[in-house]
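The values are calculated or read from the model by the stated rules, or taken from the named source; none is laboratory data. Keep in mind it's a predicted model, so treat the numbers as computed, not measured. Ideal geometry is used to build each Cβ from the backbone, glycine not excepted, and the neighbour counts take in all protein chains shown.
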Amino acid sequence: MMIRQPSLIARLLKSSVVMLSLLLSAAPALAVDALAVSERAWQITQVLEKHLSNRFAGNQVETATADVLAEAWEGAGLMVQWQTFDFEFASRTQASRNLWVTIDGASDRHVVIGGHYDNAGQMFESHGTTDNGISVALIVALAEHLALHDEQPPFTLTFALFGAEELGMYGSQAFVRAGHADDVDAMVNLDTIAGGDILYIHSAPSTPSEHCADASTYSASADLREELIAVSEQAGLAFIEHPGYPGYAPGETGDWSDQRYFACSGIPIAYVEATNFSINGEEGYDGYSQTTHEAVWDCYDAEARTACNRDEETQWGKIIHTRNDQLERLLELFGNRVPQQMHQSSQLLAAWLDQ
Ligand SMILES: [Zn+2]
């Protein structure tokens, strides 16, 4: 794919008009207008899809994506902070960047809302729409909205976009290692917030990640998960904690996304994700099988909640890193579910900040 000039793509972010309102039910009036945030996020999603879908960690499109998103934030008057870091991949040292903005709030509490902007699965024609374009779009749009409307959040918020997650959470690891999370009280990771069957809020596993440099500082706190579940219930949203499954205690996920190193350094995390933990997937009940939709299985056994033939199944209900993770394909498979799920996360964060 030809790489277009970041400034040209940034202009598209200003000019494209997308009518999402018709797809979504009206939101109650909030200090943060969740519907406006969702409409803007949907617009950003489409620009990512059309022009920046091959943003593999370390490549030129990943670089261009960060530039374009930074320009959007700067256009809202936000000061973007950068961190460049190295990582090893394919036997050579490569570079990527994290970028973030901080909006001061009314209290001393400091929360990071973050997600990764690189993607993977290009060889299988993935565009990284749900993993993790939609989350990125929401993070950018919410920060922009707060800045443009001069809204002071109840606590200080850092909106962070991490590079090189797919190859081993290098961006979020570098962020934490450099001390940028030293005064952070909580971290919300948005990774694949749309696409899968069920909206979840997870907490970190009770057992410390083997990747923590020091297991003694690890936090498996479920406080933030419970706080957000309560917000969801009050706002009439659909987020749940998954019940326990073999290998996964109720509400707990694995360490495979950007929340890992925050938990390692003792920070309570919550991980917002659309998937389906009730499926017995290729490697068990880990949420990697995201949907029971029959088009995403060779054969799904609804009663056993797994593949009809576990030895022969090739698709496993997976959206991420496959050709299913393209905007057009997602709309074909799930209709309005994808923008509606994005809007649920938008409403969740808006309701949380409206306190
Ligand atoms: Zn992801």
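Remarks
- Qualifying positions in the stretch 252-288 - assigned to a loop (DSSP other than H, G, I, E, B), of a type in the set (Gly, Ala, Ser), within 16 Å of the ligand (Cβ to nearest atom) and more than 15 Å from ALA220 (Cβ to Cβ): SER257, GLY287
- Some residue of the stretch 204-216 being over 30 Å from GLN94 (Cα atoms) and surrounded by 17 or more Cβ atoms within 10 Å (Cβ to Cβ): yes
- Of the residues examined, ASN276 is not one that is among the polar types (S, T, N, Q) and within 15 Å of the chain's Cα centre (by Cα).
- From the options ASP191, ASP223, residue that is among the acidic types (Asp, Glu) and farther than 27 Å from THR129 by Cβ: ASP223
- Among the residues of the stretch 311-332, just one is surrounded by fewer than 17 Cβ atoms within 10 Å (Cβ to Cβ) and in contact (Cβ under 8 Å) with a residue 24 or more places away in the chain, namely ARG323.
- Condition check for VAL136: at pLDDT 95 or above and either away from the ligand (no atom under 16 Å from the Cβ) or in a strand (DSSP E or B) (or both): no
Here's the yes/no breakdown for (1) charged (D, E, K, R); (2) within 16 Å of the ligand (Cβ to nearest atom); (3) at pLDDT 95 or above; (4) within 24 Å of GLY266 (Cα to Cα):
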site	(1), (2), (3), (4)
TRP100	no, no, yes, yes
HIS116	no, yes, yes, yes
HIS127	no, yes, yes, no
ASP131	yes, yes, yes, no
GLU144	yes, no, yes, no
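- Looking only at residues of the stretch 150-166 that are out of contact with any Leu (no Cβ under 6 Å at 6 or more places or on another chain) and within 16 Å of LEU69 (Cβ to Cβ), we find that the one that is farthest from the ligand (Cβ to nearest atom) is THR158.
- Residue, surrounded by the fewest Cβ atoms within 10 Å (Cβ to Cβ), within the stretch 58-99, restricted to residues that are farther than 15 Å from SER172 by Cβ and among the hydroxyl-bearing types (Ser, Thr, Tyr): SER91
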